[in-house]
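The values are calculated or read from the model by the stated rules, or taken from the named source; none is laboratory data. Small disclaimer: the values here were computed from a predicted structure and weren't measured. Heads up, the Cβs are rebuilt from the backbone with ideal geometry, glycines too, and the neighbour counts pull from every protein chain shown. To get the accessible areas, we keep the full protein, side chains included, count just its heavy atoms, and leave off ligands, DNA and RNA. Shrake-Rupley method; radii C 1.70, N 1.55, O 1.52, S 1.80 Å.
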Amino acid sequence: CRSPRPPGQFVFAYDATQHWTMKKLLIVEDELLMAFFLHKKFQTSDYEIVDMVYDGESAIEAARRCHPDIILMDIRLRGAWDGIETIAQIRQFADVPVLFVTGLLDPESATRIDSTPKASCLVKPVTIEQLQAEMNSLLVA
């Protein structure tokens, strides 16, 4: 997993084991500009970015290695799997909530997301505040 953020940028959440920890975020985004935007915005948020990847296979590997608390995932990804199939693969070993973000939500994808537990979807453009609010609601659900 990636190294922790510099001192002074930590926001903590209380977990069930009585320790103060940051929520770990895995970002899966294949558009370079959007990935950089998300990385920059989340650096000073309530989340520790544990990794940032661009395809389904890398997302699965990162989820195994980093054990994220939540995943922010684009639906359309490079490689063999889209984001919805990728989260289905991850759910075989980790019950992690996912927020899908997409530029265009077609009816088939909407149906697939609706049948995915612990998942939500926002359509771009979105603000960082919208992303954080939706992610927070997924984490408390």
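Surface calculation, 1.4 Å probe, protein heavy atoms: Glu129 sits at approximately 120 Å² accessible. Working from label points 7 Å from Cα in the Cα-to-Cβ sense, the Leu32 to Thr116 distance is 2.6 nm. The apolar share of the surface of segment 8-141, taken as the fraction of accessible area on carbon and sulfur atoms (1.4 Å probe, ligands and nucleic acids excluded), comes to 55 percent. When you count the other C-beta atoms within 10 angstrom of each residue and take the mean per peptide, 60-66, 90-96 line up highest first as 60-66, 90-96.
To the nearest 20 debye, what is the magnitude of the charge dipole of the chain about its Cα centre, counting +1 on the Cβ of each Lys and Arg and -1 on the Cβ of each Asp and Glu? Walk me through the intermediate numbers first.
On the way: 14 positive and 20 negative charges, 80 e Å.
Here the chain has a charge dipole of around 380 debye.
For Lys41, the lysines whose Cα falls under 20 Å of its own Cα, not counting residues fewer than eight places away in the same chain, are Lys23, Lys24, Lys124.
Rounded to the nearest 10 square angstrom, Lys118 shows an accessible area of 90 square angstrom against a 1.4 Å probe.
When the helix-only estimate is applied to the chain (DSSP H runs of n ≥ 4, each -39,500 (n - 2.57), divided by the residue count), what is the mean residue ellipticity at 222 nm, nearest 500 deg cm²/dmol? Counting only the DSSP helices, I get -10500 deg cm²/dmol. Net charge in the neighbourhood of Lys118 (other residues with Cβ under 9 Å of its Cβ; Lys, Arg +1, Asp, Glu -1) is 0.
In plain terms, the chain from Ile128 to Leu105 could stretch by 6.4 nm, reckoned as 0.36 nm per residue minus the Cα-Cα distance. Taking all protein chains as shown and a probe of 1.4 angstrom, Met73 keeps an accessible surface of around 0 Å².
Where both bridge residues fall in the chain, DSSP classifies roughly 10% of the beta bridges as antiparallel.
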